[in-house]
Amino acid sequence: VLQDCGADCAKFQKSELEYKFNKKALERPYTSKHSWGKTYGEHKRHLEFSHDQYRELKKYAEEIGIFFTASGMDEMAVEFLHELDVPFFKVGSGDTNNFPNFPYLEKTAKKGRPMVISSGMQSMNTMHQVYQIVKPINPNFCFLQCTSAYPLQPEDVNLRVISAYQSAFPDIPIGYSGHETGIAISVAAVAMGAKVVERHVTLDKTWKGSDHQASLEPNELAELVKAIRTVEKAMGSPIKQLLPCEMACSEKLGKSVVAKVAIPEGAILTLDMLTVKVGEPKGFPPESIFDLVGQKVKTNIEEDETITEQVVENHVKKVKC
């Protein structure tokens, strides 16, 4: 499904539950309508794929030509994903500040694989600390602006953080991890310069589980990928100039300097003799009107006639450097 929609990578989440949760957390009663067990541990064990299932998923991804990886939700999960030879590590928002006492980030960075680091629930100060930890060890990483709410409301997205990250960390790519409904905000993130976009995907939003409502169904994912590719093309070049595709409009509607009054042969042009109109034939462009002031004309020019190079004596084109 992901490949058919045009996505580049399928990302799952991998946890080694006894390393991610303590015993009491796993034994905690879990009575949510989304629960798959009486305790949170039973719930998570029901949902967690085995190592063999991950190997099968990676093999399938290779067969269909799409990248496959996962968020390593604890140190042992990272070890397994490293063994699985994933193309990059995803650091989930919950582990981004996992560094004061337990060197998760440092150990992950030392594996030498590219890293994608989400920033949900974090502060700018924390992200600066993350940068300072990871950069000396592994310079190949990026940050994703993220708000950890499911589904995410537009007023909590804060896309401007993308710009703040671009200013604070100009030497790494910045992306966006979205949990909102629809695709408009993710497309806007790309227009702001996001180089990575992560979205949850489901086959049915009505399925049991809190993430499904914040996920995209396949038709939405396909629409998102198509929109992103369009925006990527539209970003184009920062150089502003007349483009080949504009020539037809320029030839049809582009304006020229014309005579506001009849101008006799030998007259010295003044500004009050000239105006700007769509002219036939085309003559000097409007931005040349001040350059023409003080020039001598070598033939009679009728009122409303285009001013061309042929009627101006010794005109020398000015070239902008």
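Filter segment 300-311 for residues that are surrounded by 15 or more Cβ atoms within 10 Å (Cβ to Cβ) and either assigned by the TED database to the domain that holds residue 264 or in contact (Cβ under 8 Å) with a residue 24 or more places away in the chain (or both) and give the result.
301, 305, 306, 307, 308, listed by residue number.
State yes or no: is residue 193 assigned to a loop (DSSP other than H, G, I, E, B), in contact with a His (Cβ under 9 Å, 6 or more places away or on another chain) and open to solvent by less than 40 Å² (accessible area, probe 1.4 Å)?
When the stated conditions are applied, residue 193 does not pass them.
Return the total of residues in segment 22-38 being open to solvent by less than 40 Å² (accessible area, probe 1.4 Å) and over 17 Å from residue 209 (Cβ atoms).
The number of residues fulfilling the criteria is 2.
Residues to consider are 98, 158, 138; find the one that is open to solvent by 50 Å² or more (accessible area, probe 1.4 Å), polar (S, T, N, Q) and not in a helix (DSSP H, G or I).
158
Return the only residue of 231, 297, 293, 278 being among the β-branched types (Val, Ile, Thr) and in contact (Cβ under 8 Å) with a residue 40 or more places away in the chain.
Just one listed residue meets the conditions, 231.
Every residue in segment 260-281 that is more than 50 Å from the chain's Cα centre (by Cα) and not in a loop (DSSP other than H, G, I, E, B), please.
Matches in segment 260-281: 263, 268, 272, 273.
Mind telling me which of the residues 62, 18, 56, 42 ends up being open to solvent by 80 Å² or more (accessible area, probe 1.4 Å), within 21 Å of residue 116 (Cα to Cα) and in a helix (DSSP H, G or I)?
62
When you scan segment 13-22, do you find a residue that is in contact with a helix residue (DSSP H, G or I) (Cβ under 6 Å, 6 or more places away or on another chain) and either aromatic (Phe, Trp, Tyr) or outside the structural domain of residue 209 (by the TED database) (or both), even just one?
yes
Which pairs have Cβ atoms under 6 Å, sit 6 or more apart or on different chains, and link a residue in segment 73-86 that is under 14 Å from residue 18 (Cα atoms) to one that is at pLDDT below 95 and in a helix (DSSP H, G or I)?
Between residues of segment 73-86 that are under 14 Å from residue 18 (Cα atoms) and residues that are at pLDDT below 95 and in a helix (DSSP H, G or I), the close pairs are 73/20; 74/19; 74/20; 75/104; 76/19.
Taking only segment 97-121 into account, find how many residues are among the polar types (S, T, N, Q) and at pLDDT 95 or above.
The total comes to 3.
A quick yes/no check of all residues on (1) surrounded by fewer than 15 Cβ atoms within 10 Å (Cβ to Cβ); (2) charged (D, E, K, R):
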site	(1), (2)
214	no, no
220	no, yes
227	no, no
236	yes, no
242	yes, no
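For the list (1) within 22 Å of residue 144 (Cβ to Cβ); (2) modelled with pLDDT of 95 or more, I need the number of the one condition that residue 214 fails.
(2)
Given the conditions (1) over 30 Å from residue 175 (Cα atoms); (2) open to solvent by less than 60 Å² (accessible area, probe 1.4 Å); (3) modelled with pLDDT of 95 or more, and given that residue 262 satisfies all but one, which numbered condition is not satisfied?
Every condition holds for residue 262 apart from (2).
The values are calculated or read from the model by the stated rules, or taken from the named source; none is laboratory data. Here the structure is a predicted model, which is why all the values come from computation and not from measurement. With ideal geometry, Cβ positions are generated from the backbone for all residues, glycine too; neighbour counts draw on all protein chains shown. For accessibility, only protein heavy atoms count, side chains too; no ligands or nucleic acids. Shrake-Rupley method; radii C 1.70, N 1.55, O 1.52, S 1.80 Å.
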